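The values are calculated or read from the model by the stated rules, or taken from the named source; none is laboratory data. Note that the structure is a prediction, hence the values are computed from the model and not measured. Glycine gets a Cβ as well: all are built from the backbone with ideal geometry, and neighbour counts include every protein chain shown. Quick note on the areas: whole protein, heavy atoms, side chains included, nothing else; ligands and nucleic acids left out. Shrake-Rupley method; radii C 1.70, N 1.55, O 1.52, S 1.80 Å.
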Amino acid sequence: MKFALQDKLTGLKNYQEIFEVALSLGFDGVEITHFEGPLTKETSRSILHASHATGIQASAVCGGYNYWIGDFDETNRLEAVQGIKSSLQYTAEIGAQGLIAPAAYGMFSRKLPPFHPPRGVEGDRKALLDSLTRIAEDAEKFNVNFFLEPLNRYEDHMLNTVSQAVSLAKEVGSDKIKVMADFFHMSIEEPKIEEAIALYHPYIGYYHLADSNRLEPGKGHTDFAEPLALLNNIQYKGFLSYECGLSGEAQKSLLESITFLKNVQKITHI
């Protein structure tokens, strides 16, 4: 398994500097966060140059679209799909494993007022299946993955568990539609993180890392030992990427955390 960090965690804007920091801290990859619409040729060239210069891989793209693939507004939903389809080409060109997106973020929660969304469960599933089927066409065309991310119940009402996301991926039937499993969301929604991994690892293509308090691993009470041991046993070769807040100065916090995780990883190998 390989460890990556989201570019924004460094506090830097220049990709060359970001990738150099990742290299110096002992990370294997950099996850690109891009919340300003679809990726562009200019941006992808800058990322690819930094990747080649440092030998650090762009692990995935988080963003690269507007609105949500499960948006209640049909025009917005289709714009989200089109943005992802456009970004998938550049995701492939920079050598990233895939592009990450949830059904929606902050659009509605059944755990918060008014509790009842404007569209029912069947309507949500129909919209998501249509979006994913359209996205799968370009994912297959460019031989790159789309990673569907379940979020916790307070951030989204459509997809909260790994099993829900896997169900959609199975129905679409494309091996380029995979699930992105986030340790923070799993700590809320799954009985045990390692159980979700054990049950669904053939469909999970990427992981996000954060501790129980959504800070960097090592700063909360999440037990990383069993999940990492399981990932080692199933010979997971993909990335686990930091998506979290930081408890202190960026590089110091990241170095302490990656050292902590690598020590946990070593212990699980004994």
query: Given K262, K170, which one is in a helix (DSSP H, G or I) and closer than 24 Å to I135 by Cβ?
result: K170
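Would you mind stating whether A127 is crowded, with 16+ Cβ neighbours inside 10 Å and within 19 Å of the chain's Cα centre (by Cα)?
Values: crowded, with 16+ Cβ neighbours inside 10 Å: yes; within 19 Å of the chain's Cα centre (by Cα): no.
For A127, the condition - crowded, with 16+ Cβ neighbours inside 10 Å and within 19 Å of the chain's Cα centre (by Cα) - is not met.
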message: It is to be established whether one or more residues within the stretch 159-170 are charged (D, E, K, R) and open to solvent by less than 70 Å² (accessible area, probe 1.4 Å).
response: no
message: What pairs come out if I take residues in the stretch 241-270 that are over 27 Å from I100 (Cα atoms) and pair them with residues that are of a type outside the set (G, A, S) and open to solvent by less than 80 Å² (accessible area, probe 1.4 Å) whose C-beta lies under 7 Å away, six or more apart or interchain?
response: T268/L228; T268/N232; H269/N232
- prompt: Considering only residues of the stretch 180-209 that are touching a His at 6+ places or on another chain (Cβ under 9 Å) and touching a residue at least 40 places away in the same chain (Cβ under 8 Å), which is most open to solvent (accessible area, probe 1.4 Å)?
  reply: F184
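Let's see how each residue does on (1) of a type in the set (D, E); (2) over 27 Å from F224 (Cα atoms); (3) more than 17 Å from the chain's Cα centre (by Cα):
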site	(1), (2), (3)
L99	no, no, no
K111	no, yes, yes
F115	no, yes, yes
K176	no, yes, no
M180	no, no, no
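Please determine whether any residue of the stretch 136-149 is under 19 Å from F72 (Cα atoms) and in a loop (DSSP other than H, G, I, E, B).
As a first pass, look at the stretch 136-149 and keep what is under 19 Å from F72 (Cα atoms): 148-149.
Filter again for in a loop (DSSP other than H, G, I, E, B), leaving none.
No.
Quick one: which residue in K252, K266 is open to solvent by 40 Å² or more (accessible area, probe 1.4 Å), of a type in the set (D, E, K, R), modelled with pLDDT under 95 and out of contact with any helix residue (DSSP H, G or I) (no Cβ under 9 Å at 6 or more places or on another chain)? Full working, then the answer.
Details: K252 fails: modelled with pLDDT under 95.
Just one listed residue meets the conditions, K266.
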